[in-house]
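Colleague: Below you'll find the structure I mean.
The values are calculated or read from the model by the stated rules, or taken from the named source; none is laboratory data. For clarity, every value in this text was computed on a predicted model and none was experimentally measured. Every residue, glycine among them, receives a Cβ derived from its backbone with ideal geometry; neighbour counts consider all protein chains shown.
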Amino acid sequence: MPSAISIVIPTYNGGNFLEAALESVAAQSLLPREIIVVDDASTDGTVDVAASFASKSPVPVYILCLEKNSGSPARPINIGVAAAAGDMIAVLDQDDYYVPGALEEHARLLTSDSSLGASISWCGVKASGGHELVQNQTIVDDVLAASEAWEVNRRLSGREALRLLLKHWNFVIGYPGFVFRREMWARKGGVDERYRIGSDFDFVCWLASRGAIGLIPRIGYVRREHDSNLHRVNNLVTFGDGVRIKAEYFRKDGALRRDAALRDIISQEARVLAYHLRQSGQFSGARRFLALSLLIGGRPTASVSAILKLPAHRLWRAICKWPA
């Protein structure tokens, strides 16, 4: 019987990383049904690396090549999932890799409870003698305290999962941190391509808003940190995507809107983002996020004060640029 999991790997100029990612899939105790590599118009040897692996892979490898770069992983992921045959989907970033046994644990958890829309695991980084958690202890303690035991794993209600995602940003960290049912992806209409970096955060929030989430309280994949990580190169975009997503799900949920502490957190984050945008001369963006902070309602006086100061900052920046 074919495996129920399809692996989708969006890639762009990932020739230096892709082989290790693919090898980590081939080393799994439960092999996937297929691997679908979606190349987003790479200009290096990424496609050659994928083709070389495909020639020796223990499972079918399909390589889909886009003619024009789409600017974010979201569109390649949607193309890959649309082409997938598995009932469960795992998305592996080109520069990350799974730990042994990860896919089998995700598949077992999702199979054991049909009400779960997704299963999540922790993220690790290389450390002396093995791996260490990316998630800090406060996040781990909060998530474990909010979950209930489920055989050897844990189970989070959708409401609690969403609350913690909004409180701690995307504590799942990235796409490789969760496996989801293809049916749920179809119900949503695919991952949201409006978000250049935050489509994973949006999708896992949406999954939580639809029902319970399974938790494997162990490291399931390892993130390789380097200077060209997408979230590092585009930190303001990452921050902006995150604040927009937080605000959207917070405002949709009546119970969450009554959580004053959460309201203050999101409102303050919108003001902090507005400050950084203002300092970089992006005044229209700063105004939008200050208005969002005011709409959320946390510390409205601070948001109004910052909005009123914007014209003065803009004028001062213009004066400083005037020729002597």
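Colleague: Identify the single condition in (1) touching a Cys at 6+ places or on another chain (Cβ under 6 Å); (2) at pLDDT below 95; (3) not aromatic (Phe, Trp, Tyr) that Pro2 does not satisfy, given that it satisfies every other one.
Modeller: In the conditions (1) touching a Cys at 6+ places or on another chain (Cβ under 6 Å); (2) at pLDDT below 95; (3) not aromatic (Phe, Trp, Tyr), Pro2 misses (1) alone.
Colleague: Still on this structure, I have one more. Of Leu277, Leu295, which residue is part of a helix (DSSP H, G or I), among the aliphatic types (A, V, I, L, M) and closer than 24 Å to Trp316 by Cα? Explain how you work it out, then say what you get.
Modeller: Numbers: Leu295 fails: closer than 24 Å to Trp316 by Cα.
Only one candidate qualifies: Leu277.
Colleague: Would you tally the residues in the range 156-199 being crowded, with 22+ Cβ neighbours inside 10 Å and among the charged types (D, E, K, R)?
Modeller: Number of matching residues: 1.
Colleague: Just name the residue that is modelled with the lowest pLDDT out of those in the range 162-211 that are over 24 Å from Asp141 (Cβ atoms) and among the aromatic types (Phe, Trp, Tyr).
Modeller: Filtering the range 162-211 for residues that are over 24 Å from Asp141 (Cβ atoms) and among the aromatic types (Phe, Trp, Tyr), the one modelled with the lowest pLDDT comes out as Tyr195.
Colleague: I'd like to know if the range 56-69 contains one or more residues that are part of a loop (DSSP other than H, G, I, E, B), of a type in the set (Asp, Glu) and surrounded by fewer than 17 Cβ atoms within 10 Å (Cβ to Cβ).
Modeller: Within the range 56-69, the subset part of a loop (DSSP other than H, G, I, E, B) is 56-60, 66-69.
This time we only want the ones that are of a type in the set (Asp, Glu), so: 67.
Add one more test, that the residue is surrounded by fewer than 17 Cβ atoms within 10 Å (Cβ to Cβ), and what stays is 67.
Scanning the range 56-69, I find at least one residue that is part of a loop (DSSP other than H, G, I, E, B), of a type in the set (Asp, Glu) and surrounded by fewer than 17 Cβ atoms within 10 Å (Cβ to Cβ), so the answer is yes.
Colleague: Is there a residue being within 22 Å of Glu225 (Cα to Cα) and at pLDDT 95 or above anywhere in the range 141-160? Even if it seems obvious, please write down each step before you answer.
Modeller: Step one: of the range 141-160, the residues within 22 Å of Glu225 (Cα to Cα) are none.
No, because not a single residue in the range 141-160 is within 22 Å of Glu225 (Cα to Cα) and at pLDDT 95 or above.
Colleague: From the list Pro100, Pro10, exactly one residue is surrounded by fewer than 17 Cβ atoms within 10 Å (Cβ to Cβ) and touching a helix residue (DSSP H, G or I) at 6+ places or on another chain (Cβ under 9 Å). Which is it? Lay out the reasoning, then the answer.
Modeller: Details: Pro10 fails: surrounded by fewer than 17 Cβ atoms within 10 Å (Cβ to Cβ).
The unique qualifying residue is Pro100.
Colleague: Do we have Leu109 as touching a Gly at 6+ places or on another chain (Cβ under 7 Å), crowded, with 17+ Cβ neighbours inside 10 Å and not in a loop (DSSP other than H, G, I, E, B) here? If you could, list the steps in order and put the result at the bottom.
Modeller: On the way: touching a Gly at 6+ places or on another chain (Cβ under 7 Å): yes; crowded, with 17+ Cβ neighbours inside 10 Å: yes; not in a loop (DSSP other than H, G, I, E, B): yes.
It is true that Leu109 is touching a Gly at 6+ places or on another chain (Cβ under 7 Å), crowded, with 17+ Cβ neighbours inside 10 Å and not in a loop (DSSP other than H, G, I, E, B).
Colleague: Here's something else I'd like to know. Give the residues of the range 115-153 that are touching a helix residue (DSSP H, G or I) at 6+ places or on another chain (Cβ under 7 Å), buried (at least 19 other Cβ atoms within 10 Å of the Cβ) and of a type outside the set (A, V, I, L, M), sorted by residue number.
Modeller: Gly117, Ser119, Ser121, Cys123, Asn153
Colleague: Turning to a different aspect of this structure: For residues in the range 200-213 being over 14 Å from the mean Cα position of the chain (by Cα) and in contact (Cβ under 8 Å) with a residue 60 or more places away in the chain, which is surrounded by the most Cβ atoms within 10 Å (Cβ to Cβ)? Write out each step before concluding.
Modeller: Of all residues in the range 200-213, those over 14 Å from the mean Cα position of the chain (by Cα) come to 209-213.
From what is left, the residues that are in contact (Cβ under 8 Å) with a residue 60 or more places away in the chain are 210-213.
Working: Arg210: 15, Gly211: 15, Ala212: 22, Ile213: 27.
Across the range 200-213, the extreme among qualifying residues is Ile213.
Matching residues to (1) out of contact with any Lys or Arg (no Cβ under 7 Å at 6 or more places or on another chain); (2) within 30 Å of Arg159 (Cβ to Cβ):
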{"site": "Ala261", "(1), (2)": "yes, yes"}
{"site": "Leu292", "(1), (2)": "yes, yes"}
{"site": "Ile296", "(1), (2)": "no, yes"}
{"site": "Val304", "(1), (2)": "yes, no"}
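Colleague: When only residues in the range 44-55 that are surrounded by fewer than 21 Cβ atoms within 10 Å (Cβ to Cβ) and modelled with pLDDT of 95 or more count, which is nearest to the chain's Cα centre (by Cα)?
Modeller: Here is the first cut: in the range 44-55, the ones surrounded by fewer than 21 Cβ atoms within 10 Å (Cβ to Cβ) are 44-45, 47-48, 51-55.
Of the ones still in play, those that are also modelled with pLDDT of 95 or more are 47-48, 51-55.
Values: Val47: 24, Asp48: 27, Ala51: 27, Ser52: 29, Phe53: 26, Ala54: 27, Ser55: 31 Å.
Filtering the range 44-55 for residues that are surrounded by fewer than 21 Cβ atoms within 10 Å (Cβ to Cβ) and modelled with pLDDT of 95 or more, the one nearest to the chain's Cα centre (by Cα) comes out as Val47.
Colleague: Return yes or no: is Val179 of a type outside the set (D, E, K, R) and touching a strand residue (DSSP E or B) at 6+ places or on another chain (Cβ under 6 Å)? I'd like the intermediate steps shown before the answer.
Modeller: Values: of a type outside the set (D, E, K, R): yes; touching a strand residue (DSSP E or B) at 6+ places or on another chain (Cβ under 6 Å): yes.
Yes, satisfied.
Colleague: Can you name every residue in the range 83-109 that is in contact (Cβ under 8 Å) with a residue 40 or more places away in the chain and over 19 Å from the mean Cα position of the chain (by Cα)?
Modeller: Pass one, the range 83-109, residues in contact (Cβ under 8 Å) with a residue 40 or more places away in the chain: 83-107, 109.
Passing the criteria: Ala83, Ala84, Ala85, Gly86, Asp87, Pro100, Gly101, Glu104, Glu105, Ala107, Leu109.
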